[in-house]
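Student: Structure provided below as structure tokens; questions to follow.
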Amino acid sequence: VGVEVLERARFAAQEALAWMVRDGIASRIEVAAEWVGANGDRLAVRPTIYQAGNARPVYDVLWGTSITRQAQ
């Protein structure tokens, strides 16, 4: 269940930001999702946005959420 939630969150964020590539604002976007926090139970999503000609990302921030992983 935990891995499925991570993939769904990653995919949703990737799709939500895809317009930036379509509109030429970004050359590519990578999104990672992971469980973080002291107990590894808080969802975090990290979008990394690149522009053409830049080897380094122009945006790379870990987004914390209020979503918590259910105990299994």
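Student: Name the long-range amide H neighbours of TRP63: under 5 Å, sequence gap of 5 or more, or other chain; modelled H, no Pro or chain starts.
Tutor: Here the answer is VAL45, ARG46, since their amide H atoms fall under 5 Å of that of TRP63.
Student: If you count, for each residue, the other Cβ atoms within 10 Å and average over each peptide, how do 17-25, 53-61 line up from highest to lowest?
Tutor: 17-25, 53-61
Student: Once you have a ≥ b ≥ c as the square roots of the Cα gyration tensor eigenvalues for the stretch 1-40, tell me rounded if a/c is under 1.5, and otherwise prolate or oblate according to whether a/b is larger than b/c.
Tutor: Note, shape of the stretch 1-40 comes out prolate.
Student: Then there is this: When only C-alpha pairs under 8 Å and at least 6 residues apart count, what is the relative contact order of the chain, in percent?
Tutor: In percent, rounded to a whole number, it is 25.
Student: Further question on the same structure: Provide the net charge surrounding ARG46, with neighbours chosen by a C-beta distance below 10 Å and charges set as Lys +1, Arg +1, Asp -1, Glu -1.
Tutor: -2
Student: What is the magnitude of the charge dipole of the chain about its Cα centre, with +1 placed on the Cβ of each Lys and Arg, -1 on the Cβ of each Asp and Glu, and no other charges, expressed in debye to the nearest 20?
Tutor: Dipole about the Cα centre, nearest 20: 80 debye.
Student: Moving on to the next point. What does the C-alpha gyration tensor say about the overall shape of the stretch 14-58? Classify as rounded when a/c is under 1.5, otherwise prolate if a/b is larger than b/c, or oblate.
Tutor: Oblate is the answer for the stretch 14-58, as a/c is 1.5 or above yet b/c matches or exceeds a/b.
Laboratory data are not the source of any read-out in this text; all were calculated from the coordinates shown. Only a predicted model underlies this, so the values are computations on that prediction, with no experimental measurement involved. Heads up, the Cβs are rebuilt from the backbone with ideal geometry, glycines too, and the neighbour counts pull from every protein chain shown.
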